[in-house]
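What follows is a single structure, written as structure tokens, with notes after it.
The values are calculated or read from the model by the stated rules, or taken from the named source; none is laboratory data. Because the structure is predicted, anything quoted here is derived from the model rather than measured. We place every Cβ from the backbone using ideal geometry, glycine too, and count neighbours over all the protein chains shown. Remember, those area values only see protein heavy atoms, side chains included, never the ligands or the DNA or RNA. Shrake-Rupley method; radii C 1.70, N 1.55, O 1.52, S 1.80 Å.
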Amino acid sequence: MRDYFIRRLLLIPPTLLGISIIVFSITRLAPGGPIERAIMEAQMASAGGELGSGGGSAVGGGSMAISDEQIQVLKEYYGLDKPIWQAYLIWLGKVAKGDFGDSFRYSEPVWDLIRERFPISLFYGITTLIITYSVCLPLGVIKAIKHRTHLDNWTSIVVFAGYAIPGYALGAILLLFFAARLEWFPMGGFTSYDFEDLSFFGKFVDLFHHGALPLI
């Protein structure tokens, strides 16, 4: 058993390294990166300017709305002018120092975004863990004691049906029925706008009121 855990622990670093290589390569090769985003925003701004002024020309000529020099500057800024392996090593060195860079989408430091959203992930992670073990452990004991009985068969059907239903489909149904139609739960958000003004018990209730559907 000890050797098994040691082997599993030793597999963690190469696994994380392999995942980072795959994800980094996908973000580099997949369309819709920061350059395409900048071109699209420039084209939309140019089209809006033309509609507002009744004419005009795009920057850099044609429909690009952004010059080749500006594109090259953006590539250098985001490190897209380097080969994938070189850019990955630079990125890995920054990550080792705690520098996760800036988000392409939000134009903010990635670490600030992680820190801002970490309490929400922690809440759902811990709550899900508690609920899962609170249900699975007693259910496993009951199914072992009542093996091959009607209770064992019916609970197995419920469990397999739960695994068969995609999470996104169940989430959409729950939102449509319980949030949009019955209005028992909010459509979104982690807390209410007046969360800071609530009492301790009120905050507790508000958190689970907003988290009930995602946890289900």
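Report whether or not Phe185 is open to solvent by less than 80 Å² (accessible area, probe 1.4 Å) and either assigned to a helix (DSSP H, G or I) or at pLDDT below 90 (or both). Taking the combined requirement at face value, the residue does not satisfy it. Going by the structure shown, is Leu213 in contact with a Phe, Trp or Tyr (Cβ under 9 Å, 6 or more places away or on another chain), under 19 Å from Ile130 (Cβ atoms), open to solvent by less than 100 Å² (accessible area, probe 1.4 Å) and modelled with pLDDT of 90 or more? Answer is yes for this residue. For Ser63, the conditions (1) open to solvent by 80 Å² or more (accessible area, probe 1.4 Å); (2) in a helix (DSSP H, G or I); (3) modelled with pLDDT under 80 all hold with the exception of (2). Within region 66-77, being of a type in the set (Ser, Thr, Tyr) and either buried (at least 16 other Cβ atoms within 10 Å of the Cβ) or in a loop (DSSP other than H, G, I, E, B) (or both) holds for one residue alone: Ser67. Each residue in region 191-208 was checked for being open to solvent by less than 70 Å² (accessible area, probe 1.4 Å), in contact with a Ser or Thr (Cβ under 9 Å, 6 or more places away or on another chain) and not in a loop (DSSP other than H, G, I, E, B), and 3 of them qualify. Pairs linking a residue in region 190-209 that is on the phi < 0 side of the Ramachandran plot to a residue that is of a type in the set (D, E, K, R), with Cβ atoms under 8 Å and 6 or more positions apart or on different chains, are Thr191/Lys203; Thr191/Asp206; Ser192/Asp206; Phe195/Lys203; Phe195/Asp206; Leu198/Asp206.
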